Every structure is written in C-alpha cells, then in structure tokens.
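What follows is a single structure, written as structure tokens, with notes after it.
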Amino acid sequence: MAVIQISKIQVRRGKKISNTGVPQLSSAEFAWAIDSQELFIGNGSITEGAPYVGNTKILTEHDNILELAAAYRFASTDPAMSYSVSRSLQSKLDEYVSIADFIGDTFDIVRLGNTDCTAAFQYAFSELFQTTNATYKKVLVIPNGNYLFTQDLRIPSTAIIQGETQNGVTLNIGSNNIYFITEDGDEVSTSVTSVTRPKNVNISNLTIFRTSGQFVLTGLGDSKFSNVTWLGDYEIPIVDITTSPLTANAALVWQNSIIDLQVDNVTFTECKFEKNLISVKCLQSFPTETKLFFTDCKFYENDIGVYINGEPDQSNRWVFLGTTFELIAKQAFVTNYGTDTLFDSCQFSDCGNGINNASGPKYPIVEFGQNKNNRLINCNTNRTQAILDSSALTASGFSDALNASAAKFIDRNYANIYKTDGGLPLAVFDTRNRYFYVEYFLKLNAYSRVGKLTITLDDDHTNSSITDEYQYSPFLTTDRGGALMTNFEFAVSIQSRSGDSTEETLVLSYTNPTATGETGSISYNISYGA
C-alpha cells in the first residue's frame, strides 16, 4: 500500500494586543492574531495594483458585524442634510427594544396568541426598567400581535411600553391580573414609601383583553396611559345585574389604603373602556386628595362606568374632559362620598336606563355622594329628548346628575306645542335637586318669545315655585301676538311616578289657551343643581 504524506500548512501568527500590532504583511500573506482571534491578509503594493498599502481584515465568527457597520447616517443620500453624523448601526438599533428581542426566533409563532408570554415580558421589564444602568432604560416596543398571559404580570416603576397600534396589539390576560411594583421589584406595601413607590409609567397604543382579570393601579403615581383599550366580555343583559359593585371585578381597580401611596396624578388620554362590568373602580380607605384626568376617552357598554367607594369629604379632583359615555346600563359615574369632580364637554348617550331605552330611565347618569363642588358643564345627554319624544311623557324624573353642585347641559331639546287649557307636560325633573334653569325659545304661529324659567324647591323638596322672565314680539300687548304670548303660561307640580308614595318627579307643563293660543314649537336647554 502506498503511503501518502500530507503537509501541514501554517500562516504567520502572533499576539496583536501585547505586541506592536499586526505588521505590514506581504502581498497575499496571511496572519493570525492569536489573542484577539482576528485574521488579516496583506494588500500588496500599489505597483501590483492595490488601492493602498496595508492589511485587510477578514471577517470570522468572532467579529461583531454590527460594530463593523459603522457608516449609518441619517438621510445620508440627501445632499441637503449636511449636519447629520455617522453612527454605529449597533447604537442606532439599540435606541428601541422590541419584545421580540426577548422571545427570539419563535416570535412570529408566539404572537399568534397560543403561547404563554409572561416570562418573556417579565424578563424584558426586569432588564430594561429595573436596571441601574441608564443606558439600558429603553422604550419597550410591542409589535402587532396577540400575546397570551397565563400568569399575573408585574410592571415596574419607570416602564415605558409602546404598542405598534392600539387595535393591533392585544395583551390577553384572561383571568390574570396586572400589578405595578417598585423599581427594586417590591410589591406595594406599608414598607414602600412615596419615593420608592411605582411611578413614571407610560403605556400607549395597545389593547388589554380580559375576562375577570384586573389592571391593578394600587400605589401608582405620576403616570400616563394613552391610546389604551381595556376590553372585556360584558354585554348589557336582559335582566339587570344585581352584583354589588364593591365585590365585582373591574377593568381598572385600586385601593387607596396606605397614606402617601394613593393613586394620584394619573392621566388617561384617548383611552377606551369597552364591554366591562365596571371599567374604573376606586376603593378609598381614608380621606385624602387625588387627581386623575380622563381626556377624550370613551366608555362603551358597561354596567357601571366609574365607581368610587370613598370616605366623607374625600377630594376626588378627577377631571373628565371631552369624554363619551355610551350604553352604560347603570351610572356612568357613581360615588358614595367625594367632592371636586368635574365633567367638562362630556357626552352621555343611553346611560342609566338599565334594560330600557333612554325614554325609560332607571338610574341617575352621574351620581355624586356629596354636593360639594361636583360639576358638569357644557355636557350633552339624549335622555331629556328621548323622554320628550315619548307620547305621554310619563317617565319618572331621574336626575341626569344627582347631587351636582351645578350641571349645565347644552342640548337644545325641542317639542311641538299644542293648544291646551288643562296643561300638557313638557319636561320631568328629579325633586332631589334644589333648583332648575330652563332657557327656552317659544314659537307660536309667526310670533316668538325668549325666556328663562327659574324653578326652586324648598328644603324638604316637597314644594316648588316657578318664575318666568321673557321677551316677545311684537312688544305691544294689544297686538295679536302680544296677547298670544302673554296668555301662554308654564307651571310645575310634584308627582309620584315610581309606584310608591314618594313624590320624586317634578313635572313642567304649559297652558296654551284654546281660545287665544296657536300651535307652534319650543326648544330649550337645562341647568340645575342640588
């Protein structure tokens, strides 16, 4: 048998770091840096055709390709962009971190919604938001997808979580809860201080889908939620639900039971609270002042929109600005105690009717436990017009805003006016309020009258009075129009329409004498207070 001799081929080698570096290599000569594990080849001379004298580094498995790609520059192809500078690709990519970076190659399968994501999210929260190295405190981006959680999730202080789109990112928590913890990972307890508490959380552009799971804000302060949807599986039932709101689950819930750790200075902007038995629930264990802001939000198909179980003279400096409440079976907002709440330019549609429509109300739309500086200004409701459109106007007077210090609705309600000597009902009010203002415009034939009714009740809410200040055209009572307008009169009476002996309804009616009156129309808006 023949013997085959195989020669060993070796290249030049040495240490790069401890010596003077890689020497100039001959043309096509290889050199291996043992200590840095780098491979080089000589360029050759210029006379041989090399563009320059030196060595060229050859990529190996030990090289970081992202570090070598250091020529990223914003708008580099646009000559007008002359002041942007080159950066490493690694630096550019590290500006944002995706949850996919903590899931890996299975990400496309995981975001289909069949794999538990709890561990990946907790790892991301820990490494991004609980680190002491500010370099790694990044925005956690969540690409569109359906993410399943089979365990509770805990979000630490300073977390910034940004979904790709509000409807495209769904965190499916089911019956599990989401809690907030301190930057050190501690649960909210009496050992947590106002300094270490969970705070400065910013979450945007995602949907949290739940069955009985809750988003627990206990201890959270100075945080923002924008374009977030809390979506449940509630539907307005055929029969009213009798579950106590004290024990019922809510989409957002918290308990202010530790002094200086009350949920405070939290804002919700363009958020949605859809199909929840209760959307927002606050349990108050001691009187304090809290500030929450709901701007351009929407509450849709809830049993109760916002529920607060408070303490006497609890200062709920909550502001609802431009917020819509639609299809709320019971109250859009209800509290047993609390002062200083403001609804400004809010819309209430089909609220407080139970299983009825708007012409058969069963609950106040907004119910304050105390009448101290709780206000509604420039709001809208379809309840008054719906009752007005019902042929007999037989509904009980349920206040749109019970115990409000002041409530002003800008809806211009309207009705036809008929001739009547006995009086026809025009509106119903809740006798638990103390005063009402009705600003109206009356049109009879070609004549008109503009006026303001002031209706007051006594301290026992059992006797009422009405005054009417108006101007009409023409100005002479001897004219046909003058007699027509002065003979038209309003009156109020207190009635019981709830089926018991309680006289709970104040009825506004009018007389338009058949002998002197004319048919026409009226429009009006209402303000009142407790």
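The numbers here are math on the coordinates, done by the rules we state, and not lab data. Just so you know, these numbers come straight off a predicted model, no measurement behind them. Neighbour counts are summed over all protein chains in view; Cβ atoms, including those assigned to glycine, are modelled from backbone coordinates with ideal geometry.
Ordered by the count of other Cβ atoms within 10 Å of each Cβ, fewest first, H62, H461 give H62, H461. This model, with +1 at the C-beta of Lys and Arg and -1 at the C-beta of Asp and Glu, gives the chain a dipole about its Cα centre of some 1120 debye. Based on the Stokes-Einstein relation at 20 °C and a viscosity of 1.002 mPa s, and on the Kirkwood radius from alpha carbon pairs, the chain is assigned a translational diffusion coefficient of 75 µm²/s. Scanning the chain for chymotrypsin sites (Phe, Trp or Tyr not before Pro) that sit in a DSSP loop and have at most 10 other Cβ atoms within 10 Å, the longest stretch containing none of them is 84-474. Report for the chain the percent antiparallel among DSSP-assigned beta bridges with both residues inside it, nearest 5. Restricted to the chain, the bridges split so that about 40 percent are antiparallel. Database remark: amide H of S473 closer than 5 angstrom to the amide H of S448 (H placed geometrically; neighbours at sequence offset of 5 or more, or on other chains; Pro and chain starts carry no H).
Specify whether the C-alpha gyration tensor of the range 435-529 places it in the rounded, prolate or oblate class, a ≥ b ≥ c being the square roots of the eigenvalues: rounded for a/c under 1.5, otherwise prolate if a/b is larger than b/c and oblate if not. Prolate, because a/c is 1.5 or more and a/b exceeds b/c.
Find the percent of Cα-Cα distances in the range 8-63 that exceed 15 Å, and round it to a whole number. Summing the P(r) of the range 8-63 above 15 Å gives 49 percent of all pairs. Mind checking which of I238, L220, P198 is farthest towards the positive end of the range 145-411's charge dipole, using Cβ charges of +1 (Lys, Arg) and -1 (Asp, Glu) about the Cα centre? The residue sitting most towards the positive pole is I238.
Which pairs in the list K199/K291; K137/K199; K281/K362; K137/K281; K224/K281 are over 23 Å apart, alpha-carbon to alpha-carbon?
On the way: K199/K291 14 Å; K137/K199 15 Å; K281/K362 21 Å; K137/K281 31 Å; K224/K281 17 Å.
In this structure, K137/K281 exceed 23 Å between Cα atoms.
To the nearest ten degrees, helix 118-129 and the longest principal axis of the Cα atoms of the chain are 80 degrees apart. Computed from backbone phi with θ = phi - 60° and the Karplus coefficients 6.51, -1.76 and 1.60, the 3J(HN,Hα) list for the range 179-191 is 10, 10, 10, 6, 5, 8, x, 7, 5, 5, 7, 5, 7 Hz; x is used for glycine and proline.
Our coupling estimate for the range 435-450, obtained by passing each phi through the Karplus curve with A = 6.51, B = -1.76, C = 1.60 and θ = phi - 60°, is 8, 9, 10, 10, 8, 10, 10, 10, 10, 10, 6, 9, 10, 9, 9, 10 Hz, Gly and Pro reported as x. Taken one residue at a time, the phi angles of the range 75-86 give Karplus couplings (6.51, -1.76, 1.60, θ = phi - 60°) of 6, 5, 8, 9, x, 6, 8, 9, 9, 6, 10, 6 Hz. Gly and Pro are set to x.
Close amide H partners of K362, meaning residues 5 or more places away or on another chain with modelled amide H under 5 Å apart, are N353, G354. Contact order, relative form, for the chain: 7 percent (alpha carbon pairs under 8 Å, 6 or more residues apart, mean separation divided by residue count). Shown for L376, L277: other C-beta atoms within 10 Å of each C-beta, ranked fewest to most, produce the order L277, L376.
Please find the FRET efficiency linking Q10 to I46, where r is the Cβ-Cβ separation and R0 is fixed at 25 Å, and quote it to the nearest 0.05. Don't skip to the end; give the middle numbers.
On the way: r = 29 Å, r/R0 = 1.15.
According to the calculation, E is roughly 0.30.
Close amide H pairs (under 5 Å, H built 1.01 Å from N) link E38 with A33, residues at least 5 positions away or on another chain.
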